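I have placed the structure first, in the form of C-alpha cells, so that the comments after it can refer back to it.
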Amino acid sequence: MNGRTATVALIVVLPIAVALPLREQLGYYQAHRARETVAVVPPGGIGYLNHASWRVRDVRPIRDGVRIRLDETALDEKGTTASLDTQFLVYDQSGRSWSATTVSGGDSIATGLVSHVTLRAELPADVAGQVEFVVRYRPLKPVPGPAPALRFRR
Amino acid sequence: MKAVARVVIGLAFAIAAIWAKAHAPDDYDHRYAPLVAYGHVGSPVTVGGFAVKVENVSAARSVTSAEGEIIRPDGVFVIVAASARSLRKPLSLSTAMLRTRDGREFRGSVKGVTIPIGGTLDGVTLGPGLWHHGVLVFEIPPSQLAGSTLLLSDRFPNENDPPSGFPPFGFELTAQANISLGLDDDRARRLVSGASEGITIRGERT
C-alpha cells in the first residue's frame, strides 16, 4: 500500500468512525427528548385536556404573585381525578415559568359538574400583569408521543 | 531523509494517541460526572438551572421541633443559612449533602424529624427571579467537620445500591454546586465549641 492509498483510506474511515457513534447518540437524545403539543385557548375560551374541560375565569395580580380562578369540568369518570396528572404553571413572555398551587377547590366530583378552583403562583411583581396560565398533562408514568398542554391567553 | 521524517511523524501520532488514551475518561462515573460549579461562603454560585448563595454556617447542640421537643444529635448539627433561586423554571434543591474531607457524604436531616415541604431550603419550590432564604441542617461527627463542602443538586439521588434499571443512575451530567464552607481545623473546632442550643426547626416527630 502506497502513501496515497493510505491517506485516502484515512480520509474515508476517520469521518465514518467519528460520525457513526455521534449519530447513534443523537438518535438516543431525539428519542428521549420531552415533547409537548400546546393548544392555545383564547381569552374566556374552553380547553380540553386529560378527560376534563378547563376554563380560566381570571388571572389577577396579588401582593406576591398572581391568583388564578379556574373552572374544571370532568368529561367522564377519569376526569374526576384529572388534576392528579396535571401540572399548573404560569409563563411570562420570555419563557420563564413558575408553579401554581391549588388554594381551594379541586376536581369536579361527578361527570359534567363544574368545580371552581383557585390557584396561586408566587412570582416577581414586574411580570404579574403579563403571565399566562398553562395546564400540562404530566402523568407519573410517561406515555408515548408528545404531551398535551393548554395555554390560556389573557 | 524521507524515511526519517516518516518515522518522526509516526512517533508523533503514537505519542498523541497514548496521550489521548491516558487523558480520556475511561469509566462511567468519570465520563458522566456531575457538571460542578465551585464556590465559597458569601459568593453566589450559578450552575445549571439554579443559583445559590451560602450566607452563614453555624453549629447547634440541639434543635427544637415545632412541638417544643428538644432533639440532640450524636455529633453536632451544622446549620447552613443560604438563599437560592431558579433561573428559568420551577425546581427544588432535591439533594443537599455535606461531603467531608475524606469523601463521606451526609444527607441533610434532623434526627428523627420529618421536615415538611417548605420547612428547609431543600424542600421549597424555587422560582425565577425570587430568592428564597432558608436553612439546611446536617448531623455530622465534630471530627469530620473541618474541610467539608456543601453539595447541592436539583436531582434526587438514586437510592439503589448498586443502581438498577436504566440510566440515569445518580448525578450523571447534572448541575451541582460545590461550596466550600471555609472550615479549616481551627475554625471547625471553634464552631463546634461555640455551638448554640435550641435552634427551632419546623417539623414533626416520626
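Rule-based calculations on the coordinates, nothing more; no lab input. None of these values were measured; they are calculated from a predicted model. Neighbour counts are summed over all protein chains in view; Cβ atoms, including those assigned to glycine, are modelled from backbone coordinates with ideal geometry.
Specify which residue in the list A:Gly65, A:Pro21, A:Ile11 is farthest towards the positive end of the charge dipole of the stretch A:1-90, using unit charges on the beta carbon of Lys, Arg (+1) and Asp, Glu (-1), about the Cα centre.
Working it through, the farthest residue towards the positive pole turns out to be A:Ile11.
In whole angstrom, note down how far apart the Cα centers of the stretch B:22-77 and the stretch A:108-126 are.
Here the two parts' Cα centres lie 36 Å apart.
Could you list A:Ile68, A:Ile16 in order of exposure, starting from the residue whose Cβ has the fewest other Cβ atoms within 10 Å?
Ranking A:Ile68, A:Ile16 by Cβ neighbours within 10 Å, fewest first, gives A:Ile16, A:Ile68.
Once you have the alpha carbon radius of gyration of the protein assembly as shown, what is it after dividing by 2.2 N^0.38 Å, with N set to its residue count?
Normalised Cα radius of gyration, the protein assembly as shown: 1.31.
Starting from the Kirkwood radius over alpha-carbon pairs of the stretch A:1-53, derive D by Stokes-Einstein at 37 °C in a medium of 0.692 mPa s and give it in µm² s⁻¹.
It diffuses with D of about 204 µm²/s by this estimate.
For chain A, with a Gaussian network of springs between Cα atoms less than 10 Å apart, report the residue from A:Ala125, A:Ala17, A:Ala39 with the top mean-square fluctuation.
Looking only at A:Ala125, A:Ala17, A:Ala39, the largest GNM fluctuation is found for A:Ala17.
May I ask for the angle, rounded to the nearest 10°, between helix A:3-32 and the longest principal axis of chain A, with both axes built from Cα atoms and the value confined to 0 to 90°?
In chain A, helix A:3-32 runs at an angle near 10 degrees to the longest axis.
Radius of gyration and Dmax for the stretch B:31-108's Cα atoms, expressed in Å?
15.2, 48
At q = 0.16 Å⁻¹, what log₁₀ I(q)/I(0) does the stretch A:56-126 have when each alpha carbon counts as one equal point scatterer in the Debye sum?
Summing over Cα pairs of the stretch A:56-126 leads to -0.58.
Calculate, for B:Asp186 and B:Ala33, the FRET efficiency according to 1/(1 + (r/R0)^6) with r their C-beta to C-beta distance and R0 35 Å; round to the nearest 0.05.
0.65
Out of all Cα-Cα pairs in chain A, roughly what percent, to the nearest whole number, are more than 17 Å apart?
Tail fraction, whole percent: 68.
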